[in-house]
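A short worksheet on the structure shown next.
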Amino acid sequence: MPFEETERLLRITEIFYSLQGESASVGIPTTFIRLTGCPLRCYYCDTAYAFSGGEKVAIGAILDKVALYPTRHVTVTGGEPLAQDQCHSLLKQLCDKNYSVSLETSGAISIAKVDKRVIKVMDLKTPSSKECDKNQYKNIDYLGAQDQIKFVIGDKADFEWSVETIKQYQLAEKCQLLFSPIADVLSPTVLADWILEYGLPVRFQFQLHKYLWGNVPGK
């Protein structure tokens, strides 16, 4: 691997090993690489500790630490990982090492350059997030069958907006769709009932890691 590739730096908040708590791979043991920084300020954000701080780490050192964990599943998350341009190099090198790599991204930054081998788990911000105007709908063009769009829902208005967005962009034909309730705001049972009532082609989910360990960094 060329020296200039391995020595590129990323600001990292944490690297840890846990169960995947969300997405289509929920429950699978996964290594998480949490990058520092995010241009958004969603009111329900549960990782505000990753907005700043962190430590600059060479990509080579990140790969070495990932190799210590007993899993081939890696999730790059944030913050907003794509806010650091070197994230693209990290994703490529993880794929080159034959990891199953997923990227958790807000949808507010272009995913056009993301390695095609990466599973993209992209939010479309609902109105109650207060960041709905940051959605880059052009990103939908770069999603395929392995990718996922997540809607984080706080009330019936968010739900109905999500239903209309799915119809408008024909999302059910493009990728997998995830509906999540905002923790301690919307009852998971209520959201599940709405999904069944509307007959939606979506996967209901809630954050498994919070159920198991609470809102604890590194879990």
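The helices (runs of 4 or more DSSP H) found entirely in segment 146-219 that carry 2 or more residues being modelled with pLDDT of 95 or more and more than 17 Å from the chain's Cα centre (by Cα) are 156-168, 188-198. Residues of segment 82-106 that are among the hydrophobic types (A, V, I, L, M, F, W, C), out of contact with any helix residue (DSSP H, G or I) (no Cβ under 9 Å at 6 or more places or on another chain) and surrounded by 17 or more Cβ atoms within 10 Å (Cβ to Cβ): A83 alone. From the list S110, S106, S18, the one residue that fits, being in contact with a His (Cβ under 7 Å, 6 or more places away or on another chain) and under 28 Å from Q205 (Cα atoms), is S18. Only one of the listed residues (G154, G107, G78) is out of contact with any strand residue (DSSP E or B) (no Cβ under 7 Å at 6 or more places or on another chain) and under 18 Å from T47 (Cβ atoms). That residue is G154.
Give me the residue from segment 140-185 that is over 18 Å from V114 (Cα atoms) and of a type in the set (F, W, Y) and, out of that set, surrounded by the most Cβ atoms within 10 Å (Cβ to Cβ). For segment 140-185, the residue satisfying everything is F179. Residues in segment 107-138 that are surrounded by fewer than 21 Cβ atoms within 10 Å (Cβ to Cβ) and in a helix (DSSP H, G or I): P127, S128, C132, D133, K134, Y137, K138.
The values are calculated or read from the model by the stated rules, or taken from the named source; none is laboratory data. Please read these numbers as outputs of a predicted model, since none were measured by experiment. Positions of Cβ are generated from backbone atoms using ideal geometry, with glycine treated the same way; all protein chains shown enter the neighbour counts.
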